[in-house]
Amino acid sequence: MFLKKTFIIALIAGACREPAPARTTTLEVALLGERIFQENCSSCHSFDSEPALSGPSLENARKSRDATFIRESIVEPGRRVVAGYPAMPDSFGHLNEKELDAVVYFVANEVKQ
């Protein structure tokens with residue numbers, strides 16, 4: 001009887017819990033990051049050495065910079081300015097944490113689709 005009551009209580013408790021949040025896949029994060037990059041960054045930056053845009057190429061960012069450096073460059077754009085380029089505009093405050101994480105992930109990682 002005790003075991004039966006324990007089972008019923010556990011069953012009810014399990015049914016009352018909120019469902020686990022849906023997990024976002026790496027590809028979904030990368031695609032979101034790519035979209036945000038295209039909308040907010042690609043007019044100044046590319047991943048190619050050519051053509052020269054108003055911002056430095058991010059070709060080497062994936063090789064030589066970690067995600068923390070990239071995030072700091074977006075959040076505090078005047079902190080590190082690449083010689084020969086103007087400071088990046090401070091215009092990314094509209095990005096929420098998920099979007100910021102996604103664009104940092106996209107810039108920091110070479111994602112093959």
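What follows draws every value from the coordinates through simple rules; no lab data is involved. Keep in mind that this is a model prediction, so the values were computed, not measured. Methodologically, a virtual Cβ is constructed for each residue, glycine included, from the backbone with ideal geometry; neighbour enumeration extends over all protein chains shown.
Fully extending the segment from L53 to L27 would add 6.6 nm, taking 0.36 nm per residue of separation and subtracting the current Cα-Cα distance. Placing pseudo-labels 7 Å out from each Cα toward the beta carbon at V75 and R35 gives an inter-label distance of 2.4 nm. Where the alpha-carbon atoms of the stretch 30-108 are placed on the principal axes, they occupy 31, 23, 22 Å, in descending order.
Label positions at S42 and F92, each projected 7 Å from the Cα along the C-beta direction, are separated by 1.7 nm.
Take the Cβ atoms of K63 and Y85, set R0 to 25 Å, and the FRET efficiency comes out at 0.85.
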